[in-house]
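In what follows, a single structure is set out as structure tokens and then discussed.
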Amino acid sequence: MTECCICGKETDLPRSCRQCRNRIRGALLGLPELVVQCWMARHRVQRGGEGERVSASKEAPLPLRLDVLNLLGPSADAVLTGEDQEGPVPVVGVLSAWADLVTEQTRQRPVSGTVSGLTQHLLDHVEWACRQEWIRDFAGEVEGLMKTLRRVSGIEPVRIPLPVICPTCDLRTMVREEGSGWAAECRYCPAAKLSAREYSQLVAAQAQAVSTPQEA
Ligand SMILES: [Zn+2]
Ligand SMILES: [Zn+2]
């Protein structure tokens, strides 16, 4: 058994556990769709409240629009000539840096620089990537991208509050967050992330504690 370098749990797989690997795969699978939703957010902003007419005014772009353009990479940035790059890291930049590393280390031919081409390349090598020493940084950057894309598209993940006490901070702060890959996690403790099995064990343990009479 080794310790997963991402979540710190025991695993019999090298470097990272099955749960973290599934989460990374899920994030990569969802990325292209999130980028498309960002495009849609951009069009919504451009049209504003003026019906179908696209505004041709010279007003400074809204912060949201600038965010989206930065995320969509160099071709979209060209729309705002002369603007400084601000805000989030472009998706294509982050993905191609990792795809280049994979290409170099696996001695393969370079792939096309589109979001779908790059994510597919990373997905094709995800099991291999999960055994590399840089997987923790990779997972962090991919999850960071997902969060930024969600924020820019105005998509807040659904969070269901759970009726259990966090095993780390002892507060009623456990939630199930859509798309996170965990059955339960604490809103505050980074270490409190539970698989479906661990969550049902926690529920059973806490139900047991409540139904057992306390000694005075
Ligand atoms: Zn893990
Ligand atoms: Zn907690």
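The values are calculated or read from the model by the stated rules, or taken from the named source; none is laboratory data. Because the structure is a prediction, the values reported are computed rather than measured. Don't worry about glycine lacking a Cβ; one is built from the backbone with ideal geometry, like all the others, and counts go over all protein chains shown. Just the protein is used for accessible areas: all its heavy atoms, side chains included, with ligands, DNA and RNA removed. Shrake-Rupley method; radii C 1.70, N 1.55, O 1.52, S 1.80 Å.
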Accessible surface of the range 159-211 [probe 1.4 Å, protein heavy atoms]: carbon and sulfur percent:
57 percent
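What FRET efficiency would be calculated for the residue pair residue 151, residue 18, taking the C-beta separation as r and a Förster radius of 41 Å, to the nearest 0.05? List each step's numbers first, then the result.
Values: r = 29 Å, r/R0 = 0.70.
With a Förster radius of 41 Å, E is 0.90.
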Please work out the C-alpha center-to-center distance from the range 135-159 to the range 11-36 and express it in whole Å.
12 Å
Under 4 °C and 1.567 mPa s, how fast does the range 95-216 diffuse according to Stokes-Einstein, given a Kirkwood radius computed over C-alpha pairs? Answer in µm²/s, whole number.
75 µm²/s
Could you give me the ³J(HN,Hα) list for the range 171-187, computed from phi with Karplus coefficients 6.51, -1.76, 1.60 and θ = phi - 60°, whole Hz, x at Gly and Pro?
10, 8, 10, 7, 9, 10, 9, 4, x, 7, x, 9, 6, 7, 8, 7, 5
